[in-house]
Amino acid sequence: MDSPEIIVPTRRKYALWKPISKALPRNHSVFGAYERKLTELMTRAADSSTTSPIVPQPLSPEVIPIFVSEFPLFDMIEKVPSNGLSHTYQQQTAFSQSAAPHTISESGAVSDDTNTYLRKTSNVAVFGVRRGISLKGQYAGANAGGPADDLMGRELKGGLQTIARDAQNETLRYQETVASVTYPGNDPNGDYDPNGYNGLRFIANQAMPAGQNFAVDIRTPWTDQRVLKAVRNAVNAVYDQGGKIDLLIATTRGSEALFEDQLSITRIITGTKRLEIVPGFSVRVVDTDQGEIPVMVVPGNSVGSYTTNGTNEFVDMLGVWTETMEMPYLGNPEPSVLRIPTGVDGTLRELAIPFAMYGLAYMAPQYMFRVQLQTA
């Protein structure tokens, strides 16, 4: 009989949840301005003296899980209004200028000390895709009934899933800075997207301290706990810098390598510890000196592999402190949908454009690490 899963106590549920409603209430002034714009556009759409029938609609709360289920990291990053077409922010690289104790004599003067900052920018990428269905298809679906009864709804769901996939890929392995990548498609900096933003692979390769990169060879079977040790050493390295890793991002192969390392040193298999980090999404955890860290497995090619010299292939496991990450947005922090009435483009079809505008600001890259798993 399979061992039962061990669920982490309720008080630790949703440990990384940063929902939009928590970060920015619906009555926030930005929402007010956005909803006033909606009202204005809806009025124009109903006014025969204008020619703008397009009406943007924010997603209803019950639709948001469709987006988050494909892009769970979205619910773990604080959403903040962007301060421009490109979001400008202060990236902190140190919290003090001296490692010595700042002590003074009884009547001595206190010395000055400051954080160290770099001014950084993140482009706010526009994610959008047009979805539609012909009236003929709608009528045929309505007559058929069953799953075909709401073909437009299924198209919208597919559009949201597409945007979620693209946003996740952009956050993990794309970048907007290095146009001339050495190995197109698998460069250590990430794939170049001039309309995107710098993702975690680029930040780890360019801004993270070199001492927080750990390479592990898993090309052949091993009997030691090299992956587990690398992760624990990396967590300790960030802790020594003053940070605390609260999420490990891995591929399916990286996750299996990590947890297989623990099987050989486990005398009694009592089940797998899991933590529900956002509602409806639970993951396995790994034990470290700084506590249990959830391991979020990203399916498919969102993390991606890359080569360093054209021959050696690597795939990353990334440790992040989600408190140092922000997702600047324009318009609405939730994905929105532009509904275009039938016949506007001269064809008998209904059109809709799901869209969202996001960037990524990593406020303190010294509080992250990378474990490079060499796979070839």
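The values are calculated or read from the model by the stated rules, or taken from the named source; none is laboratory data. Just so we're clear, the structure is a prediction, and the values are computed from it rather than from any experiment. Every residue, glycine as well, gets a Cβ built from its backbone with ideal geometry; the counts of neighbours run over all protein chains shown. Remember, those area values only see protein heavy atoms, side chains included, never the ligands or the DNA or RNA. Shrake-Rupley method; radii C 1.70, N 1.55, O 1.52, S 1.80 Å.
Run down Leu360, Leu338, Leu318 and say which single residue is farther than 18 Å from Glu170 by Cα and among the hydrophobic types (A, V, I, L, M, F, W, C). Lay out the reasoning, then the answer.
Working: Leu360 fails: farther than 18 Å from Glu170 by Cα; Leu318 fails: farther than 18 Å from Glu170 by Cα.
None of the other options fit; the residue is Leu338.
Does Leu200 satisfy being of a type in the set (A, V, I, L, M, F, W, C), surrounded by 21 or more Cβ atoms within 10 Å (Cβ to Cβ), touching a Phe, Trp or Tyr at 6+ places or on another chain (Cβ under 8 Å) and at pLDDT below 90? Before you say what the answer is, go through the steps one by one.
Values: of a type in the set (A, V, I, L, M, F, W, C): yes; surrounded by 21 or more Cβ atoms within 10 Å (Cβ to Cβ): yes; touching a Phe, Trp or Tyr at 6+ places or on another chain (Cβ under 8 Å): yes; at pLDDT below 90: no.
No; evaluated as a whole, the condition is false for this residue.
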Within region 88-128, the count of residues that are open to solvent by 40 Å² or more (accessible area, probe 1.4 Å) and touching a residue at least 40 places away in the same chain (Cβ under 8 Å) comes to 7
Hey, can you tell me all the residues within region 117-153 that are hydroxyl-bearing (Ser, Thr, Tyr) and at pLDDT below 80? Tyr117
Can you go through Glu256, Glu326 and tell me which one is over 18 Å from the mean Cα position of the chain (by Cα) and modelled with pLDDT of 90 or more? Glu256
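I need the full set of residues from region 348-376 which are assigned to a loop (DSSP other than H, G, I, E, B) and open to solvent by 10 Å² or more (accessible area, probe 1.4 Å), in order please. Give the derivation first.
Within region 348-376, the subset assigned to a loop (DSSP other than H, G, I, E, B) is 348, 359-360, 363-364, 375-376.
Across region 348-376, the qualifying residues are Leu348, Met363, Thr375, Ala376.
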Could you count how many residues in region 293-347 are in a strand (DSSP E or B), within 30 Å of Val238 (Cα to Cα) and open to solvent by 60 Å² or more (accessible area, probe 1.4 Å)? 1
So Leu228 passes all but one of these: (1) in contact (Cβ under 8 Å) with a residue 24 or more places away in the chain; (2) over 22 Å from Gln262 (Cα atoms). Which condition number does it fail? (2)
All positions within region 227-265 that are over 30 Å from Ala94 (Cα atoms), open to solvent by 10 Å² or more (accessible area, probe 1.4 Å) and part of a helix (DSSP H, G or I): Thr252, Arg253, Glu256, Phe259, Glu260, Gln262, Leu263
Quick check on this structure: which one of Thr266, Thr307, Thr270, Thr311 is closer than 20 Å to Met208 by Cα and at pLDDT below 90? Thr307
